[in-house]
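Notes follow once the structure below has been shown.
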Amino acid sequence: RQDIDDIFWLQATIARELAVTATARITEREIGELERINDLLGTAVGGGDAEAIASLEFSFHRVFHQVSGRIKL
């Protein structure tokens, strides 16, 4: 149980750090791209399309990580 708690803590810590960095660097174009992907994701979730959900989540996080400039995290 502690390992699971630690993994989620680590993921949250990294996500918070990426978000802080991304907010200082993000452009309107990148915000638009994230919104576009998020809209598609909402449609995929509504339709229960697991393959599209996985692909779109990957795309969203890829853009987000690129914006942060901290790809390794």
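Readers should treat all values here as calculations from the given coordinates under stated rules, not as data from a laboratory. For clarity, every value in this text was computed on a predicted model and none was experimentally measured. Cβ: placed from backbone, ideal geometry, glycine included. Neighbour counts: every protein chain shown.
Each residue of the stretch 29-34 was assigned a 3J(HN,Hα) from its phi angle through the Karplus expression (A = 6.51, B = -1.76, C = 1.60, θ = phi - 60°), giving 4, 5, 4, x, 5, 5 Hz with x at Gly and Pro. In order along the stretch 42-47, phi translates into HN-Hα couplings of x, 5, 5, 5, x, x Hz, rounded to whole numbers, per the Karplus curve 6.51 cos²θ - 1.76 cosθ + 1.60 with θ = phi - 60° and x for Gly and Pro.
Using R0 = 30 Å, the C-beta based FRET efficiency linking Lys72 and Ala50 works out to 0.60.
Think of the chain as having a plus end and a minus end, set by charges on the Cβ of Lys, Arg, Asp and Glu; of Ala52, Phe8, Leu40, Phe8 sits farthest toward the positive end of this dipole.
Multiply the residue separation of Thr43 and Ala19 by 0.36 nm, subtract the distance between their alpha-carbon atoms, and state the gained length in nm to one decimal.
Numbers: separation 24, 0.36 × 24 = 8.64 nm, distance 2.44 nm.
Difference between extended and current length: 6.2 nm.
For the pair Phe58 and Asp3, the difference between a 0.36 nm per residue extended length and the Cα-Cα distance amounts to 17.4 nm. Only one item in (1) 25, 14, 8; (2) 22, 20, 9; (3) 20, 15, 11 matches semi-axes √(5λ) of the Cα gyration tensor in Å derived from the coordinates shown, and that item is (2).
Normalising the average separation of contacting C-alpha pairs (under 8 angstrom, six or more residues apart) by the number of residues puts the relative contact order of the chain at 43 percent. The phi torsions of the stretch 2-7, fed into the Karplus equation with coefficients 6.51, -1.76 and 1.60 and a -60° offset, translate into couplings of 5, 4, 5, 4, 5, 5 Hz, rounded to whole numbers, with Gly and Pro shown as x.
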